[in-house]
Amino acid sequence: MIKHPHRRRALSTALIVIGGVFFFLAPYNSWIGAVLAILGAAIELIAFGLARRADEKK
């Protein structure tokens with residue numbers, strides 16, 4: 001994992017934004033929409049985990 005807290009925080013912010021973009025771009029009536037929504041959710045969970053870990057190490 002990334003040990004530098006500033007890099008970890010920047011990465012988590014970028015992943016949250018990317019996850020939000022995937023949610024925004026996901027079409028409603030398609031299997032690709034479901035895949036993008038799941039991918040967006042997974043990316044956001046990873047990002048929140050990184051942000052939480054950064055806060056715990058302060």
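Table for the structure above
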read-out	value
Net dipole in debye of the chain [+1 Lys, Arg Cβ; -1 Asp, Glu Cβ; about Cα centre; nearest 20]	420
At R0 = 22 Å, FRET efficiency that the Cβ-Cβ distance of A34 and R7 yields, to 0.05	0.10
Per residue, in Å², the accessible surface of the chain once ligands and nucleic acids are set aside, probe 1.4 Å	77
Angle between the chain longest axis and helix 5-25 axis [Cα atoms, degrees, rounded to 10]	10
Positive-end residue, the chain charge dipole about Cα centroid, Cβ charges, pick of A47, F24, H6	H6
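The values are calculated or read from the model by the stated rules, or taken from the named source; none is laboratory data. This one's a predicted model, so the numbers in the text were calculated from it and none came from an experiment. Positions of Cβ are backbone-derived with ideal geometry, glycine not excepted, and every protein chain shown enters the neighbour counts. To get the accessible areas, we keep the full protein, side chains included, count just its heavy atoms, and leave off ligands, DNA and RNA. Shrake-Rupley method; radii C 1.70, N 1.55, O 1.52, S 1.80 Å.
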